[in-house]
Amino acid sequence: MIACLLLIIVIWTISKLNKEIRLWWNKLIQQPFNYYLLIGLLIIGFFFELDNSDRYGCIIYTNPFRVKNILFFVTSIILVLLSFFSEKRTIKLTFMSLELTIWILKLFLFKGGYVVGIVATVDTCISFYDTATLALRLTIINSLLNTKINQIYILICTAIIMSVKIYAFRLPYSFYVEERKWQIITENTKNFLTKGEWIENKNMTEKIQIIFFPENAVLYNFHGNDTLFFNHILWGEESIFLESWVNSKLYFCTFEFKENGKDTLNVNFRYKNEDYTDENYRTQMIRK
């Protein structure tokens, strides 16, 4: 954001000193070139996932043709085109103001890319893109208002909005909503499985048995082991990841289940052998 604003300020300052650059700058921020530039940036932002990004941490999405990305792009491009082709200034202003409002809501409610990588930094390209397109939107609205507000005030307004995003709302609100939903799902799974013991529903002497606790689990008679103690659990929806160190060996096991009645589960154990090949064991378990 800072680099983008500095670049714009440098160009604006030079335009005040150099006549040719001033003419070029004035032409760029006036109609119709400001519309051309915004439409071009929207198209670039769509294909390179700059305008609507779900980036978080080390997760990178590389498909621009996701439903949410298409929906936001189509909404913005239609409103900008409606504003561009409208003849009345008030109608132009209405469409651009609506597009700006939707874009700002998207920035705070859905836009990712501000907590990326291992050190959770801001993605420079996304921040640069958002700062530039926001300043351009405000410039277009300013030209439609005929208020002749100095460009420096538009840059200040841009800096305030982007600073609020970067320093106060780096994670979009939708992230917290999804996180809360996932917490409820995992809590329900934990409460369901930790009530009682689960034993294999087979007529045999040594049956697989598993006991879940909130933070760990114990598995009996599984894969040649009398007892396996898993000291790490990741709870999920109809799937639990189990991890354990036994005799300097690391054991991974995924417990996948589907309810088949009140106290009956169809279970699939997915585990790694010592050579790290995957194996599956399907069975049915009942609550004891």
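Its Cα gyration tensor gives segment 189-287 an equivalent ellipsoid, and the semi-axes of that ellipsoid, as √(5λ) in whole Å with the largest first, are 20, 16, 13.
Of TRP245, TRP103, the sequence from fewest to most neighbouring Cβ atoms within 10 angstrom is TRP245, TRP103. Taking amide H positions as modeled 1.01 Å from N, with prolines and chain starts lacking one, the residues under 5 Å from ASP123 and 5 or more places away or on another chain are TYR114, VAL115, VAL116. With θ taken as phi - 60° and the Karplus curve 6.51 cos²θ - 1.76 cosθ + 1.60 applied, the whole-hertz 3J(HN,Hα) list for segment 104-114 is 5, 4, 5, 4, 8, 8, 10, 6, x, x, 10 Hz, x standing for glycine and proline.
As a proxy for reagent exposure, ranking LEU71, LEU42 by other Cβ atoms within 10 Å from fewest up yields LEU71, LEU42. Equivalent ellipsoid of segment 33-169: semi-axes from √(5λ) of the C-alpha gyration tensor, largest first, are 26, 18, 11 Å. Proximity of backbone amide H atoms, modeled 1.01 Å from N, is registered between ASN260 and LEU265, ASN266 at under 5 Å, excluding neighbours fewer than 5 places apart on the same chain.
Within the shell defined by Cβ-Cβ distances under 10 Å, the residues around LEU82 carry a net charge of 0, with Lys and Arg each +1 and Asp and Glu each -1. 3J(HN,Hα) couplings calculated from phi for segment 280-286 with the Karplus curve 6.51 cos²θ - 1.76 cosθ + 1.60 (θ = phi - 60°) are, in sequence order, 10, 9, 9, 7, 10, 10, 10 Hz; Gly and Pro show x. Exposure proxy shown here: for GLU87, GLU206, the number of other Cβ atoms within 10 Å sets the order, fewest to most, as GLU87, GLU206.
Each reported figure results from applying straightforward, stated rules to the coordinates on display, with no laboratory input. Note that this is a predicted model, so its numbers are computed, not measured. Positions of Cβ are generated from backbone atoms using ideal geometry, with glycine treated the same way; all protein chains shown enter the neighbour counts.
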